[in-house]
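The values are calculated or read from the model by the stated rules, or taken from the named source; none is laboratory data. Values in this document were obtained by computation on a predicted structure and should not be read as measured data. Methodologically, a virtual Cβ is constructed for each residue, glycine included, from the backbone with ideal geometry; neighbour enumeration extends over all protein chains shown. Just the protein is used for accessible areas: all its heavy atoms, side chains included, with ligands, DNA and RNA removed. Shrake-Rupley method; radii C 1.70, N 1.55, O 1.52, S 1.80 Å.
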Amino acid sequence: MSTASHGEYYIPEPSKWPIVGTVALTTSVIGAVNTIHAGEMSLLLPVGLLMIAYLFFGWFGSVIDESMAGKYSAQVDKSFRLGMMWFIFSEVMFFAAFFGALFYARVLSVPWLGGAGNNAATHEFLWPAFEAVWPLLSNPDNTKIVAPAEAMGAMGLPAINTAILLTSSVTLTWAHHALRAGNRLHLNLGLGITVLLGCIFLVLQVEEYIHAYNELGLTMSSGIYGSTFFLLTGFHGFHVTMGTTMLLVILIRCLKGHFTADNHFGFEAVAWYWHFVDVVWLGLYIFVYWL
Amino acid sequence: MNAVVEEHHDHDHKPTGIGRWLFSTNHKDIGSMYLWFAFTMFFIGGALALLIRAELFQPGMQIVEPEFFNQLTTLHGLIMVFGVIMPAFVGLANWQLPMMIGAPDMALPRMNNWSFWLLPAAFGLLLASLVMSIMGLGSAPNFGWTFYAPLSTTYGPDSTDYFIFSVHLMGISSVMGAINVIATIMNLRAPGMTYMKMPIFVWTWFITAYLLIAVMPVLAGVVTMMLTDRNFGTSFFDAAGGGDPVMFQHVFWFFGHPEVYIMILPAFGIVSSIVPTFSRKPLFGYSSMVYATASIAFLSFIVWAHHMFTVGMPVAGELFFMYSTMLIAIPTGVKVFNWISTMWRGALTFETPMLFAIAFIFLFTMGGFTGLMLCIAPADFQYHDTYFVVAHFHYVLVTGAAFSIMAAVYFWLPKWTGNMYDEKLGKLHFWLTCISANVLFFPMHFVGLAGMPRRIPDYALQFAEFNQIASVGAFVFGFSQLIFLYVVIKCVRGGEKATDKVWEGAHGLEFDLPSPAPFHSYTTPPVVK
Amino acid sequence: MRAVTRPLGLVCLLLASSPTLAEYQLNLEPGVTITSQNAYDIHQIVMWICVVIGIVVYGVMTYSILTHTKARGHKPATFDDNLTVEILWTVIPVLILIGMAIPATSALLAMEDVSDSDMSIKVTGYQWKWHYDYVGEDVSFFSNMNTPMEQIKNLEAKGENYLLEVDNKIVVPVDQKIRFLFTSNDVIHAWWVPAFGVKKDAIPGYINESWARIDEPGIYRGQCAELCGANHGFMPIVVEAKSEEDYLAWLGEKKTAQAAAAESGNKVWTMDELMAHGETAYNTSCAACHQVGGEGLPNVFPGIKGSAIATGDVAKHIDVVVNGVAGTGMQAFGAQLNDADLAAIITYERNAWGNNAGDMVQPSEIKAAR
Ligand code: HEA
Ligand code: HEA
Ligand code: CUA
Ligand SMILES: [Cu+2]
């Protein structure tokens, strides 16, 4: 904290990126709603998404340039670290909402619909045929919401995916050690393998979704089991996609010779993010697939 | 305009033109934008409230259709909460935090600007649906600011999907703002300013920022579930597929209750800055203030279901949430008692900020008492969803949060502009506001206890008199705010020069800076003993 | 400052002396059940404790404001903490809160105990009316607000029970433990009768329970207490508590009347009969949304006047009304109304307000379409 006492503070120049970001997000969300409502792609959506991509490349690009130009003091570095840490915490809370929904359904609402607690009347008057077993292979109202034929098992693809993600965390840590030890070859190798594992994970995840939709009848709209399954794994998959992309960018930067043994915030931020995505997966594996 | 091109070290050089605001990386400019945004929204949200009060002036439907009335209520609540109180506090944080901790700016200035600019976008989306509704094209959100499912999912109007994304944008804005506050406070304090030497306003915002980071993403989560329930066939809130409409309320209030403390903790910080200044006495019980704030924040995570006593929770749950809520009275009481002890045996003067701060202590405490009554579950079965609740939360929000913001503006305006505001008009504004607020909100206790439900466009005859009084109060209150606007503009334009210290009893790093404060607050850190 | 405290003090006094201001009700009503009585008592206790704490807190503060001022030349003290008082003002509130929690807990436990009831009534919320089902008795009916539109639109003088009157009251016996089962057909509603101290949410897909044992015969009024859409303000509740014999007599009459209504679906109606009955039934069941004149509400509820469906193919019209439109306010009225009502309403819609389809729908056609 006392780093402030020497040297001048760094204050960035006025920047267009926040405005670009605002326009990009607004365009994308309007595009998204219009797409949903019209049932066909609204032009605003791809335009907005392209702007978001431009934003990321532009904003991070200028930050990288500034960083490479040595403009950042240790204090700025610390602000970035704090920013990344608390951003990840906010992501944890975002997932917490969906885990909360899962636990609520499993521990409370589904048993209640089956007559548990003081909900005997709920069962008797409204859903006499419903039996509360998780995962739900029969919904309270099967005519309105068609239940899946089969639940997603914990073995097979999900288990392989768990192994892949855990391994990727190890390879990433290996790369990090290599970076600190100044071993560029191992760094690039470790990172490269991590990116590869991320991609394999995503391919297998898509495979699993296809299996769920085509063979198990497990879809977003097959009741609360499908809802929690797809939103949790879906948002996780989205984060893996983001993480893999960021790792790829970091890999490219490493190949270009960016980062030094003791100055590599960009690398670390992405590593934290990747570990976070990993931990979320463990929670998913346990509560969505396994128990 | 390309920002990265040229370098300069002239710290008082201000960018000019519209670019100064669009591309700003300056905490003061961004702070001003937040405050003006909040002020604008206050008038819009207030105008909706005045329409509500006009319709409720007497029984019968006079001005609006029931359907439109619900849109008014919903947008009034949403705008006041997300568009007025929260941005105003962020604006104050932007202006004050760097000055108070001896920093040049916020830690992440570009992100700071993004946090701001997302807000006009979010409210643009929201208000667009209101304009469309007035023009007869579809309906604006009409399900209350709490947007309970399935009224907002299966039965929500088309504009609900825009509303959902608008909430996402507000959420991103708040989370980034909070991250910035945390990074600033943790990283940019002047040498020697340990945590337990930080001004209380800084402390309250520090803790508020944690609340924001913890709950805004949960709000984002719940609106996302709404989005998929509405459009992609999920059944989070539909019993037919094993979900539960009440689950919506649990997730919402897990956000919603901490949210109401997000709207009061910075207010506590403001009052804790003002009361010692005009008592000419140090703040009583600094460390207990800090611990009390932290306790309130902690408790706020485990009390949410006191908004849901009537949803049919198991009785053990009801008892738990009743007890945990009652506990909040203790740290809050500590705060009230500390303020009074600060005033005790001081040398009080009553400039406008102090008047608002004193009114805050009186009236917030009133709202706290009714809060305590509400948390008694067996009694809440009678109060819930009546005007008694409306009275409660307007006491804590209007005469609490909004009064604290007015107090803060009067308190720091001379520092911001270098000019003293017009004290006579300030006092006039205070008295009109304070009296009319009570005329407006006090009768709501009575109609509530007598059985008037909230969110109704028309009511039975026995509630007529008190509604009439409230409506009169509302109009006086509303138009008194034009005085406030005038005083602020007048002060920005000029006036008697303020000294650097501004107030005789003032303390704190911000009062060591010249008035008006330089563009980049502390470029070399002051040393705090 | 006095200008603030005076009115505040005054209103506190008003609050206390509520009986003297009989024409305005300022406080909770004690009600006619043990539950409402409990709620009232605990309310009084907590409110008075708060008033007393308020007097102390505001008193000290006011004293300080009046005397410790610079204007009076008061020199500021310099103290900034005092462990003893800080401990005191933490511990004393704890004790006070415990004092409140004890009666609150016992009241709550009593309220939530629905066991050993004498009878059950299932209450279902609809946009915007209540449906009552006397469990095991084969008696069930809808209850709609029947305050005329003219009164709401200020075209007529408002009646005594403006907005708090319904076509079918629910009738219950006194001195029996009545169990209520709440659920909903669409959005969340809340059934609230202040005199019983019962307010419970009616949640679609779930059943909540509550109970009341009413001490005195009489008519008790309440309202829906959860925002449920446009006409949330217009779904009142009226309960008539009667002696056991009167209640049983009413139940008997109700059964006979329902049997007769079911019978009416078997006869062939004339156009005039259909139109006359249709108008009443339409105004009760449909006008809340489609309006008395059939013009609807722009963008919210389509008009029936001139609507393609109401002037076109009759089978489609019957289908919309009987099966509703999923995911909209348009409910499946087949489950709510009997064949005769539906036939009359549809006939009326097709021939009123300048709609001149000219055709008639008989109850038998509805039966066939179900
Ligand atoms: C700034 C916002 C704010 C604040 C600070 C509070 C503070 C409190 N609120 Fe409030 N509340 C709202 C905003 C706020 N509330 C809103 C917006 C709603 C409605 C939402 C909606 O439905 O739309 C609401 C609704 C609400 C309900 C739900 C009512 C219902 O819908 O049925 C309840 C129930 O428990 C409640 C309780 C409390 C309590 C116990 C406090 C406590 O924090 C108060 C503590 C303070 C004191 C008690 C006074 C000072 C203490 C002393 C002087 C010490 C001694 C006192 C004693 C020992 C008694 N609030
Ligand atoms: C911080 C928050 C805040 C603030 C400041 C206010 C301020 C006011 N509120 Fe607010 N209110 C809420 C938060 C707030 N409210 C919330 C959360 C709800 C619940 C919503 C829900 O149920 O979902 C609510 C609900 C609510 C209701 C209940 C509605 C219902 O249940 O149907 C009422 C009714 O009287 C009301 C009235 C008022 C009034 C008269 C003011 C006054 O203080 C407003 C003062 C007016 C002005 C400041 C306007 C100034 C304008 C002019 C002078 C006109 C000139 C105009 C232009 C230039 C455009 N509010
Ligand atoms: Cu039904 Cu409100
Ligand atoms: Cu709360």
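With solvent modelled as a 1.4 Å probe, how much accessible area in total do chains A and B shield from it at their shared surface, in Å² to the nearest 100? Walk me through the intermediate numbers first.
Values: alone 16320 and 21250 Å², together 31340 Å².
So the total buried area for this chain pair works out to about 6200 Å².
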Among the helices of chain C (complete DSSP H runs), which have Cα atoms covering no less than 24 Å along the helix axis and a Kyte-Doolittle mean of at least 1.0? C:34-67, C:83-111
What percent of all Cα-Cα pairs in the range B:311-421 falls into each 10 Å bin, going from 0 up to the bin containing the maximum distance? 13, 34, 29, 16, 7, 2
I'd like to check one number: the per residue accessible area of the range B:26-511, probe 1.4 Å, reported in Å² as a whole number. 23
Before I look further, what does the range C:28-111 give for accessible area per residue, probe 1.4 Å, in whole square angstrom? 51
With only alpha-carbon atoms counted, please give the Rg and Dmax of the range A:73-290, in Å. 21.3, 70
Can you report the principal axis dimensions of the range B:104-157 using only the alpha carbons, biggest first, rounded to whole angstrom? 49, 27, 13
Using θ = phi - 60° and the Karplus relation 6.51 cos²θ - 1.76 cosθ + 1.60, list the HN-Hα couplings for the range A:212-219 in order, rounded to whole Hz, with x at every Gly or Pro. 4, 5, 7, 9, 9, x, 8, 10
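Got a number for carbon plus sulfur as a percent of the protein assembly as shown's accessible area, 1.4 Å probe?
Details: 28090 of 42710 Å².
Ligands and nucleic acids excluded, carbon and sulfur give 66 percent.
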Coarse-grained scattering of the range A:193-291 at q = 0.13, 0.22, 0.24 Å⁻¹, given as base-10 log I(q)/I(0) from a Debye sum over alpha-carbon atoms: -0.54, -1.13, -1.27
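Determine the per residue accessible area of the range A:73-290 with all protein chains present and a 1.4 angstrom probe, expressed in square angstrom. Before the final figure, lay out the partial values.
On the way: 9130 Å² over 218 residues.
I get 42 Å² per residue for this part.
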Hey, can you list the residues from the range A:23-48 whose accessible area shrinks by 10 Å² or more with all protein chains present, relative to the chain by itself (probe 1.4 Å, no ligands or nucleic acids)? A:Leu25, A:Thr26, A:Val29, A:Ile30, A:Ala32, A:Val33, A:Asn34, A:Ile36, A:His37
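Report the percentage of all Cα-Cα pairs in the range C:28-111 whose separation exceeds 19 Å, rounded to a whole percent.
Working: 2074 of 3486 pairs.
Counting every Cα pair in the range C:28-111, those more than 19 Å apart make up 59 percent.
Based on the Cβ-Cβ distance of B:Val492 and B:Ala128, what FRET efficiency does E = 1/(1 + (r/R0)^6) give at R0 = 41 Å, to the nearest 0.05? If you can, show how the numbers build up before the last one.
Numbers: r = 30 Å, r/R0 = 0.73.
E(calc), rounded to 0.05, equals 0.85.
If you count, for every residue in B:162-170, the Cβ atoms of partner chains within 10 Å of its Cβ, what is the mean?
Values: counts 6, 1, 3, 7, 2, 0, 2, 4, 0.
Mean partner shielding for this stretch: 3.
Please compute the net charge surrounding C:Met271, taking Lys and Arg as +1 and Asp and Glu as -1 over other residues with Cβ under 13 Å from its Cβ.
Around C:Met271, the surrounding residues sum to -3.
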Farthest toward the dipole's positive end in the protein assembly as shown, which of C:Ile203, B:Thr523, B:Ala297, given Cβ charges of +1 (Lys, Arg) and -1 (Asp, Glu) about the Cα centre? B:Thr523
GNM on chain A, C-alpha springs below 10 Å: top fluctuator among A:Leu251, A:Leu197, A:Leu43? A:Leu43
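Net charge around B:Val487, counting only other residues with Cβ within less than 14 Å of its Cβ (Lys, Arg = +1; Asp, Glu = -1)? Can you show the working numbers first?
Details: positive: B:Lys424, B:Lys427, B:Lys490, B:Arg493; negative: B:Glu351, B:Asp422, B:Glu423, B:Glu496.
Overall, the nearby charge balance is 0.
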At 222 nm, what value in deg cm²/dmol follows for chain B if DSSP H runs of at least 4 each add -39500 (n - 2.57) and the sum is divided by all its residues, to the nearest 500? -21500 deg cm²/dmol
What does the convex hull of the Cα atoms come to per residue for the range A:89-208, in Å³? 142
Lysine pairs within chain B, Cα separation less than 21 Å, 8 or more sequence positions apart or different chains: 26
When Lys and Arg each count +1 and Asp and Glu each count -1, what net charge do the other residues less than 15 Å away from A:Thr228, Cβ to Cβ, add up to? -2
Which of the trypsin sites (Lys or Arg not before Pro) found in the range C:45-123 are in a DSSP loop and have at most 16 neighbouring Cβ atoms, other than their own, within 10 Å? C:Arg72
Considering the dipole of chain C built from charges on the beta carbon (Lys and Arg +1, Asp and Glu -1) around the Cα centre, which of C:Gly136, C:His189, C:Ile121 is farthest to its positive end? C:His189
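Students sometimes get this wrong: rank C:Ile152, A:Ile200 by accessible area, probe 1.4 Å, all chains present, largest first.
Numbers: C:Ile152 5, A:Ile200 70 Å².
Sorted by accessible area, descending: A:Ile200, C:Ile152.
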Whole-Hz Karplus couplings 3J(HN,Hα) for the range B:243-250, θ = phi - 60° and coefficients 6.51, -1.76, 1.60, Gly and Pro as x, run x, 7, x, 5, 4, 3, 5, 4
Give me the residues in the range B:234-257 whose solvent-accessible area, probe 1.4 Å, is reduced by at least 50 Å² once all protein chains are included instead of the chain isolated. B:Phe236, B:Ala239, B:Ala240, B:Gly241, B:Gly242, B:Asp244, B:Met247
Could you tell me the extents of chain B's C-alpha atoms along the three principal axes, largest first, rounded to whole Å? 63, 57, 45
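If you put +1 on each Lys and Arg Cβ and -1 on each Asp and Glu Cβ, how big is the dipole of chain A around its Cα centre, in Debye rounded to 20? Before the final figure, lay out the partial values.
On the way: 10 positive and 17 negative charges, 124 e Å.
Computed about the Cα centre, the dipole is about 600 debye.
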Accessible area of B:Leu137 in the full protein assembly, 1.4 Å probe (Å², nearest 10): 100
Phi-based couplings in Hz for the range A:77-91 (Karplus 6.51, -1.76, 1.60; Gly and Pro marked x): 4, 5, 4, 4, 4, 4, x, 5, 4, 6, 5, 5, 4, 5, 5
Taking the Cα atoms of chain C, report the difference between the largest and smallest coordinate on each principal axis, in whole Å and largest first. 93, 49, 37
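Sort B:111-121, B:420-430 by packing, meaning the average of other beta carbons within 10 Å per residue, with the highest value first.
On the way: B:111-121: 25.3, B:420-430: 18.5.
The peptides rank, most packed first, as B:111-121, B:420-430.
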Taking R0 as 25 Å, what FRET efficiency do you get between A:Arg180 and A:Leu202 from their Cβ-Cβ distance, rounded to the nearest 0.05? 0.30
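Just counting partner chain Cβ atoms within 10 Å, what average do the residues of peptide C:149-156 show around their Cβ?
Details: counts 1, 0, 2, 6, 3, 5, 1, 1.
Mean shielding count: 2.
Give me the inter-chain shielding for C:112-125: mean count of other chain Cβ atoms within 10 Å, whole number please.
Values: counts 10, 1, 2, 1, 0, 0, 0, 0, 2, 0, 2, 0, 1, 0.
For this peptide, the per-residue mean of nearby foreign Cβ atoms is 1.
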Which residues, if any, in the range B:292-313 lose at least 20 square angstrom of accessible heavy-atom surface (probe 1.4 Å) when the other protein chains sit next to their chain rather than the chain being alone? B:Thr310, B:Val311, B:Gly312
Give me the distance in nm between label points sitting 7 Å out from Cα along the Cα-to-Cβ direction at B:Phe43 and A:Ala69, one decimal. 4.1
Hydrodynamic radius (Kirkwood) for the range A:1-72, which is based on Cα pairs only, to one decimal in Å: 14.4
Calculated FRET value between B:Thr523 and A:Asn214, using beta carbons and R₀ = 45 Å, to 0.05: 0.10
Of C:Pro298, C:Pro76, C:Pro173, which is the most mobile in a GNM of chain C whose springs link Cα atoms less than 10 angstrom apart? C:Pro76
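Over the residues of the range B:185-320, compute the C-alpha Rg and express it relative to 2.2 N^0.38 Å. Present the calculation step by step, with values, prior to reporting the outcome.
Numbers: Rg = 19.6 Å, N = 136, 2.2 N^0.38 = 14.2 Å.
Taking the Cα Rg and dividing by 2.2 N^0.38 Å, one obtains 1.38.
Chains B and C: what accessible area do they bury, summed, in square angstrom to the nearest 100, with a 1.4 Å probe? Write out the running numbers ahead of the final one.
On the way: alone 21250 and 20620 Å², together 33210 Å².
Buried surface at the B/C interface: approximately 8700 Å².
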Computed accessible area, B:Phe393, all protein chains, 1.4 angstrom probe, square angstrom: 50
What's the long-distance tail for the range B:471-525, i.e. % of Cα pairs beyond 17 Å? 59
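Rounded to a whole number of µm²/s, how large is the Stokes-Einstein D of the range C:267-369 at 37 °C and 0.692 mPa s, given Rh as the Kirkwood radius over C-alpha pairs? Don't jump to the answer; show the numbers that get you there.
Values: Rh = 13.3 Å.
After rounding, the answer is 247 µm²/s.
Counting only GluC sites (Glu not before Pro) that are in a DSSP loop and have at most 15 other C-beta atoms within 10 Å, tell me the longest site-free stretch of chain A.
Values: sites that count: A:Glu8, A:Glu40, A:Glu131, A:Glu150.
Counting at most 15 other Cβ atoms within 10 Å as exposed, the longest clean stretch of chain A is A:151-291.
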Under Stokes-Einstein, with the Kirkwood radius over Cα pairs standing in for Rh, what whole-number D in µm²/s applies to the protein assembly as shown at 4 °C and 1.567 mPa s? 40
Distant-in-sequence amide H partners of C:Val166 (H built 1.01 Å from N, under 5 Å): C:Asn146
Using only Cα atoms, locate the centre of the range A:52-125 and the centre of the range A:204-248, then give the distance between them in Å, rounded to an integer. 17
Given the options C:Ala202, C:Ala340, C:Ala259, state which has the largest fluctuation in a GNM of chain C using a 10 Å cut-off (strictly under) for Cα springs. C:Ala259
Label-point separation in nm, C:Glu29 to C:Glu365, each point 7 Å along Cα→Cβ: 4.7
